[in-house]
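Have a look at the structure below before the remarks.
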Amino acid sequence: MNRVIKVLMVDDEEQFRATTKKLLARKGFETILAGSGEEAIEQLRQNPDVVVLDIKMPGMDGHAALKEIRRHAPDLPVIMLTGHGALPSAKEARREGAFDYLTKPCDIDILAAKISDAVRSIEKGGPPAERTMKDVMVPFEAYTTVTMEQTVGEAMDALRRSYGASVSTSRILETGHRSILVLDRGGEVQGVLTIKDLLEAIMPVYLSAPKPSTADSIQYSPMFWKGMFTFEVKKLVKKRVHEVMSHRPSTIDAEANLMEAAYAMVGTGERRLLVMEGKKAVGVVREQDLFFEMERIQGA
């Protein structure tokens, strides 16, 4: 699906609307906002491809808005949002013609997947086909990167910022990447830096060196460990990224099947794969992206 999908987001909470619009924009969606059911009916003039509609709103609630949307645009798919305590209401909305429903808090990846599903169901006239890597991956440009020659301290700052950029409210969530892609000067991926790499890098060599059995009680006494973590971290931040990074992730084609990715992760023990179109890296698929697909299928 190459065209930009236009989403009508209907919710009475202003912060939720703004946050969701920002997160969906990162994933390539255009979002129209409406703060009420009445405003949503007016916004149908902008011809959205799919509607994300909150059930509990003052005035015209989600059920009433759904009926009006169905009357004005009977083929327009509608995804309902509801709290965990209102699942019967959401299931009722599905019987009334909603495409699907999600409970809050809602992960942005799952919401994006549902939106794509809804549009595919209309365009192809049937249930959505199983996704490929390019449908579930994090785009390359959205992934945090550093160069091999940067310091580990700079890389740690970049990783921290990637977590800070994961905007969320009590009703919408975005997961952090938990790793950084490491590039050479030409912009090619040469490795990955993870939190596990950082922890391994602060382990002094002598901790894994052979030792007499009689020294165990002394070596691992509380005094032995005191100050070690701080000392090693201060040494680590001055090193270069290439000294501590892991190898480049295994690659997978952008058109590959989800089971192929799952098989590769299980076989290699890797938690992420580099998605390729020809010789070009276009994204990263993470274990949590496959989990989101499992959850989506479970609720389908």
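The values are calculated or read from the model by the stated rules, or taken from the named source; none is laboratory data. Since we're looking at a predicted model, the values are computed, not measured. Quick reminder, even Gly has a Cβ in these numbers, built from the backbone with ideal geometry, and neighbours come from all protein chains shown. All accessible areas refer to the heavy atoms of the entire protein, side chains included, with ligands and DNA or RNA removed. Shrake-Rupley method; radii C 1.70, N 1.55, O 1.52, S 1.80 Å.
Could you compute Rg(Cα) / (2.2 N^0.38 Å) for the chain, with N its residue count?
1.23
With both partners inside region 224-299, how many of the DSSP beta bridges are antiparallel, as a percent to the nearest 5?
65
Give the lysines reachable from residue 22 as a straight Cα distance under 25 Å; neighbours fewer than 8 places away on the same chain don't count.
Within the straight-line cut-off, residue 22 pairs with 6, 56, 104, 114, 134.
Considering only DSSP beta bridges whose two residues both sit in the chain, what percent are antiparallel, to the nearest 5?
Taking every DSSP beta bridge with both residues in the chain, the antiparallel ones total about 40 percent.
Checking the a/c ratio against 1.5 first, then a/b against b/c, what shape does the Cα gyration tensor give for region 194-293?
Here region 194-293 falls in the prolate category.
Between residue 83 and residues 5 or more places away or on another chain, which pairs have amide H atoms under 5 Å apart, with H built 1.01 Å from N, and which residues are they?
Amide H to amide H, under 5 Å and 5 or more residues apart or across chains, residue 83 pairs with 104.
If you build a Gaussian network model of the chain, linking Cα atoms that sit under 10 Å apart, which residue out of 208, 36, 179 swings the most?
208
What is the diffusion coefficient of region 27-73 in µm²/s, taking the Kirkwood radius over Cα pairs and the Stokes-Einstein relation at 4 °C with a viscosity of 1.567 mPa s?
Answer, rounded: 118 µm²/s.
Just how far, in whole angstrom, is region 1-41 from region 256-293 if you go by their alpha carbon centroids?
28
Out of 48, 93, 244, whose Cα points farthest toward the positive end of the dipole of the chain (charges: +1 Lys, Arg; -1 Asp, Glu; placed on Cβ)?
With unit charges placed on the Cβ atoms, the residue in question is 244.
Go through 261-268, 227-234 and give me the packing order, highest mean Cβ count within 10 Å leading.
Per-residue mean Cβ counts within 10 Å order the peptides as 261-268, 227-234.
What ranking of 146, 205 comes out by heavy-atom accessible area, probe 1.4 Å, highest first?
205, 146
Can you run phi through the Karplus equation (6.51, -1.76, 1.60; θ = phi - 60°) for region 223-229 and list ³J(HN,Hα) in whole Hz, with x for Gly and Pro?
5, 4, 7, 4, x, 5, 4
Skipping prolines and chain starts, which residues have an amide H placed within reach, meaning under 5 Å, of the one on residue 239, given they are 5 or more residues away or on another chain?
When sequence neighbours closer than 5 places are left aside, the close amide H contacts are 152, 153.
Would you rank 202, 41 by solvent-accessible area, highest first, keeping every protein chain in place and using a 1.4 Å probe?
41, 202
How large is the helix-only mean residue ellipticity at 222 nm for the chain, computed as the sum of -39500 (n - 2.57) over DSSP H runs with n ≥ 4, divided by its residue count, in deg cm²/dmol to the nearest 500?
Counting only the DSSP helices, I get -11500 deg cm²/dmol.
Could the peptides 246-255, 55-64 be put in order, highest first, of the mean number of other beta-carbon atoms found within 10 Å of their residues?
Highest mean packing first, the order is 55-64, 246-255.
If each residue of separation counts as 0.36 nm, what is the full-extension length gain between residue 199 and residue 64 once their alpha-carbon separation is subtracted?
43.2 nm is the gain from fully extending residue 199 to residue 64.
Kindly rank 132-138, 102-108 from highest to lowest mean number of other beta carbons found within 10 Å of each residue.
Per-residue mean Cβ counts within 10 Å order the peptides as 132-138, 102-108.
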